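What follows is one structure encoded as structure tokens, with my remarks underneath.
The values are calculated or read from the model by the stated rules, or taken from the named source; none is laboratory data. Nothing here was measured: the structure is a model prediction, and the numbers come from that model. Note: ideal-geometry Cβ built from the backbone for every residue, glycine included; neighbour counts use all protein chains shown. For accessibility, only protein heavy atoms count, side chains too; no ligands or nucleic acids. Shrake-Rupley method; radii C 1.70, N 1.55, O 1.52, S 1.80 Å.
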Amino acid sequence: MVNSEILKKAFISGANAVAKHTEQINSINIFPVPDGDTGTNLALTLTGCADKIKDLPKMGAGELADKIAGELFRCARGNSGVIFSLIFSGFAKSVEGLETIDAVSLAKGLEAGCDEAYAAIEKPTEGTILTVIRLAASKAVSSASKGKNARDTFADAVEAAKASLKSTPNLLPMLKKHGCVDAGGQGLVYIMQGMLEMSDTPEETKPAHKKSVHTEEITYIYCTEFLINNAVNADIENFRSRLSRMGDCTAAAKHSGIIKVHIHTNRPGSVLETALEIGELSDIKIDNMKIQAENGANQWNLTQA
């Protein structure tokens, strides 16, 4: 059984693990754009949330999962960070109200997280973090159905995630071309490993060799993210569809009364104007990914999350 203390320790350990591997993940960041910041975005997303939840009082595991999901929405950065927040949001909704999480609930939660991530992204791409969570969730469901306990079920999901990660170059030609696995998927594996091990001192990693990047591969320049507050009766699917005509990597989902939006676009102003039609905006972030790719993504500070 997973209670709130175990869940909290596991999440913080996962955050520590991905932060420790930031540069290695950045070095293989080829898809969806080679801007070298996937590790940074995942680290800032999870460590920002971990800092918010570390001193929360004891509560039910389901209630804690909901609080983590809400903080992840607010802290999520970049395509990978947003997708992870979506995965956890679906998980939290699935375990809502539970005092402890058993193997079956854990497996169903992972499956629900996978479903939410796929549903919130306008054009899901296989060979990415999505494939990794899908196969991990499928393995968890299989293991739980065989009577395994929660820890062993999650351990099996981690192994499935690792195997899925190795297959990503076979599913995404851009990865095969550059000779690497998907960066977001690699980040998810590190997070899940960290959660399973619940270690305060993640394994040291060797300095990573930076893959060469070509900024001409970046079609949409601006990574645009923000929150929509006070959205009343918003048709998220229609909103997401409208945004998709302005760029790619479009994601929009609602949790805790807010809508998290992510898109790569050349028209950030138009995106923001469209969003203003359904609510008030906050936490607006617009990054020029060509400049990020040219300058490298290693200039970051976790304390500035």
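What the table below lists for this structure:
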item: Dipole magnitude (debye, nearest 20) for the chain, charges at Cβ of Lys, Arg, Asp, Glu; result: 480 debye
item: Charge dipole of the chain about the Cα centre (unit charges at C-beta), most positive-ward option of 259, 28, 68; result: 28
item: Å² per residue, accessible surface of the chain at 1.4 Å; result: 44 Å²
item: Percent RCO, i.e. relative contact order, over the chain, from Cα pairs under 8 Å lying at least 6 residues apart; result: 24 percent
item: Cross-link reach list, aspartates and glutamates versus residue 20, counting only Cα pairs under 12 Å and skipping chain neighbours closer than eight places; result: 200, 203, 204
item: For the stretch 22-92, size of Cβ-based charge dipole, Lys and Arg +1, Asp and Glu -1, in debye; result: 180 debye
item: Carbon and sulfur %, accessible surface of the chain computed with the full protein complex present, 1.4 Å; result: 48 percent
item: Calculated diffusion of the stretch 22-169, Stokes-Einstein form, Kirkwood radius summed over Cα pairs, 37 °C and 0.692 mPa s, µm²/s; result: 209 µm²/s
item: Dimensions (Å) - the chain, Cα atoms, principal axes, largest first; result: 50, 47, 35
item: Whole-number D in µm² s⁻¹ for the stretch 111-152, Kirkwood Cα-pair radius fed into Stokes-Einstein, 10 °C, 1.306 mPa s; result: 143 µm²/s
item: Cross-link pairs beyond the 24 Å C-alpha cut-off, checked among 162/254; 8/166; 93/260; 8/108; 9/146; 254/285; result: 162/254; 8/166; 9/146
